[in-house]
Amino acid sequence: METTLVRGARPFGGEPADLLLRDGAIAEVGAAGSLAAPDGARTVEAEGLIALPGLVDLHTHLREPGREDAETVETGTRAAALGGYTAVHAMANTAPVADTAGVVEQVWRLGRQAGWCDVRPVGAVTIGLAGERLAELGAMADSAAGVRVFSDDGKCVFDAVLMRRALEYVKAFDGVVAQHAQEPRLTEGAQMNESALSGVLGLRGWPAVAEEAVIARDVLLAGHVGSRLHVCHVSTAGSVEIVRWAKERGVDVTAEVTPHHLLLTDELVRGYDPVYKVNPPLRSDDDVHALRAGVADGTIDVVATDHAPHPVEDKDCEWSAAAMGMTGLETALSVVVQALVEPGHLDWAGVARVMSQTPSRIGRVRGQGGGLVAGDPAHVVLVDPAARWTVDPAAMATKGRNSPFAGRELPGRVVATFYGGHPTVLDGALATPRAGAEQQGASWTR
């Protein structure tokens, strides 16, 4: 087993400290300079770096099985490690759809074999994402993958009766239904945010109410049956208000926002560049500010990437034919620094809360999102808050080149990622996967 002494890092942005990582756990934490490196230990000089618990993404599209031309579990988890992630939740819209115990176990085992981070499969709510019959929720929950998050992401569970049944069903094993809030009839043929700009550009508008109406219905259903609801990629000011209203009334609802919705607006669509085509669409500047405020006051619980890689040919085409989605694993932390930390909406402890600790709690992932204290599993990321870097999609580990931040300079960069005490990233570059991850597993459901 490996031993590493991290010298002088600032846990959660606080006072400098030494962290001794040994046998997959944080063995000791002491004041900077107080711990001695055991014989044979690796030493990482971390003066000036921020130490956070490994990041946990609730919303990642790894594409495998079926769309290995866009991404694989191997390439996607390499990207995750470079972004500071030690766990990701792999969405169910694969081919075949992850709607059975067999498929979720396949994805889970691929993650263990890769060894770059913990892969937690998300199970589909309905068979084939068709919105007609419930999938094998109980079988997926009881499988080796231990699924606790269920979502038809990419499609909305629009039938109210079916949504109610799903919410009732997952209560038996403390699961959560993660809803893609999009009323399909209000968004048929929609291409961008509905606004004066969509009229000027001649693109069919995607109204905010199409998202907000589904969220309003679902928080009422969740409150009625007493179940857990998670709202994927919230994008409008109205959605923030509905989630806030529901929380004030005791509904067990959580919500996520993507990094790109915290920074980018629909003004970028003026150039018809399909890299900015995404579901839900980029919204107005007012929506962006409301989303940031929602993260700051806790209404929005999580920043999740919605990492959605596509082959070049699916994006390098006219706007109407282009696929929706953006990559995000390798840029997420830096975008959060620019959108939330630099303006003062979050401190580094807040970053850990929305990108590690709360996602781990929602996903019921044991061993992730710790407090960087002795005895915790050694899932740790070191970040240089002073670094600035220019995004180059061609240099990324993901197969996707569809980053909306291409050519943009971003603040803060991951220097090292430790997954179970093993450095998957050192000096900002990929190191090696965690040996033995396939045999040991990573983190089991609480």
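For the range 355-430, the normalised intensity computed at q = 0.19, 0.28 Å⁻¹ comes to -0.98, -1.20 (log10 of I(q)/I(0), Debye sum over alpha carbons, equal scatterers, no solvent).
Across the range 174-224, Cα-Cα pairs farther apart than 12 Å form 66% of the total. Ranked by the mean number of other Cβ atoms within 10 Å per residue, highest first, peptides 424-431, 63-70 order as 63-70, 424-431.
Residues whose amide H comes within less than 5 Å of that of residue 282, counting only those at least five positions distant or on another chain, are 193 (H built at 1.01 Å from N in the peptide plane). Looking at the range 150-280, the pairs of alpha carbons with a distance over 23 Å make up 34% of the total. Each eigenvalue of the Cα gyration tensor of the chain, multiplied by 5 and square-rooted, gives one semi-axis; in descending order these are 33, 24, 21 Å. The residues of the range 248-393 expose on average 33 square angstrom of accessible surface per residue, using a 1.4 Å probe on protein heavy atoms.
Partner lysines whose Cα lies under 28 Å from the Cα of residue 247, excluding those fewer than 8 positions away in the same chain, are identified as 155, 171. Taking each residue as 0.36 nm, the span from residue 47 to residue 185 lengthens on full extension beyond its C-alpha to C-alpha distance by 44.3 nm. Taking residue 399 as the anchor, which aspartates and glutamates have their alpha carbon closer than 16 Å to its alpha carbon, excluding any fewer than eight residues away along the same chain? Hits, sequence-local ones excluded: 64, 68, 69, 71, 74, 306, 313, 314, 316, 330. Compute the label zone of residue 429 within the range 24-66: residues whose backbone N is under 19 Å from the point 7 Å along Cα-to-Cβ. In the range 24-66, the label zone of residue 429 (backbone N under 19 Å from the point 7 Å along Cα→Cβ) covers 43-46. Where q = 0.20, 0.22, 0.23 Å⁻¹, what log10 of I(q)/I(0) comes from the Debye formula for the range 67-180, counting one point per Cα? Relative scattering, expressed as log10 I(q)/I(0), comes to -1.00, -1.16, -1.23. Here the 3J(HN,Hα) profile of the range 40-51, calculated from phi with Karplus coefficients 6.51, -1.76 and 1.60 at θ = phi - 60°, is x, 7, 7, 10, 10, 7, 10, 4, x, 8, 8, 9 Hz, Gly and Pro shown as x. A full extension of the chain between residue 366 and residue 139 corresponds to an added length of 79.7 nm, given 0.36 nm per residue minus the alpha carbon distance. FRET efficiency for the residue 386 to residue 69 pair, using the beta carbon distance and R₀ = 51 Å, is estimated at 0.85. Hey, how much of the P(r) for the range 331-383 falls beyond 17 Å, as a percent of Cα pairs? Every Cα pair in the range 331-383 considered, those over 17 Å come to 40 percent. Once the Cα-Cα distance is subtracted from the 0.36 nm per residue extended length, the residue 285 to residue 395 segment shows a gain of 36.6 nm. Amide H contacts for residue 26 (H built 1.01 Å from N in the peptide plane; partners 5 or more residues away or on another chain; cut-off under 5 Å): 375, 376, 378. Rolling a 1.4 angstrom probe over the range 255-360 with all protein chains present gives an accessible area of which 47% lies on carbon and sulfur atoms.
The values are calculated or read from the model by the stated rules, or taken from the named source; none is laboratory data. Since the model is a prediction, treat every value here as computed from it, not as a measurement. All Cβ positions, glycine included, derive from the backbone under ideal geometry; neighbour counts span all protein chains shown. Areas reflect the complete protein model, heavy atoms only, side chains present, ligands, DNA and RNA absent. Shrake-Rupley method; radii C 1.70, N 1.55, O 1.52, S 1.80 Å.
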